[in-house]
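Report on the following structure.
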Amino acid sequence: IGDRIWYDLDLGGDDDGNGAGEFGIPDIDVQLAGDGKVVTTTTSITGFYVFTDLPPGPYVVTVITNTLPITIVHTPTADPDGGSDSTSSLTLT
């Protein structure tokens, strides 16, 4: 399970890539809950994070918003799976 946290400069909700100026955000804590465990990782210099060697099952990924740089204003918008804009639920099969 993994993804990228980036500056969504055009507020489009999708990652347009570095060519569009939407650079990844490093040093953000991301938490994964599932399989009876909670683990945390930190985004790379390019904003990527990954959790590996996971058994199938339900998981919840949460971006720890208080680790966002002070220059970033977290403005929640629509969340496709409902609830919090910084949390997503998924099932790994």
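Name every residue in the range 41-52 that is exposed (fewer than 14 other Cβ atoms within 10 Å of the Cβ) and among the polar types (S, T, N, Q), in order of residue number.
Looking only at the range 41-52, we keep the residues that are exposed (fewer than 14 other Cβ atoms within 10 Å of the Cβ), and these are 42, 45-46, 50, 52.
Hits for the range 41-52 are Thr42, Thr46, Thr52.
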All positions within the range 21-77 that are touching a residue at least 12 places away in the same chain (Cβ under 8 Å), on the phi > 0 side of the Ramachandran plot and not charged (D, E, K, R): Gly21, Gly34, Gly47, Gly57
Asp3 vs. criteria assigned to a loop (DSSP other than H, G, I, E, B) and not basic (Lys, Arg): no
Qualifying positions in the range 40-52 - in a strand (DSSP E or B) and within 20 Å of Asn66 (Cβ to Cβ): Thr40, Thr41, Thr42, Tyr49
Subset tally (residues that are surrounded by 14 or more Cβ atoms within 10 Å (Cβ to Cβ) and part of a strand (DSSP E or B)) for the range 14-39: 7
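Yes/no matrix, rows are residues, columns are (1) at pLDDT 95 or above; (2) touching a strand residue (DSSP E or B) at 6+ places or on another chain (Cβ under 8 Å); (3) more than 17 Å from Ser86 (Cα to Cα):
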| position | (1), (2), (3) |
| --- | --- |
| Gln31 | yes, yes, no |
| Asp35 | no, yes, yes |
| Thr40 | yes, yes, no |
| Thr43 | yes, yes, no |
| Pro56 | yes, yes, yes |
| Tyr59 | yes, yes, no |
| Thr62 | no, yes, no |
| Leu68 | no, no, no |
| His74 | no, no, no |
Within the range 53-64, tally of residues that are surrounded by 14 or more Cβ atoms within 10 Å (Cβ to Cβ) and not in a strand (DSSP E or B): 1
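The values are calculated or read from the model by the stated rules, or taken from the named source; none is laboratory data. This one's a predicted model, so the numbers in the text were calculated from it and none came from an experiment. Backbone-built Cβ (ideal geometry, glycine too); neighbour counts: all protein chains shown.
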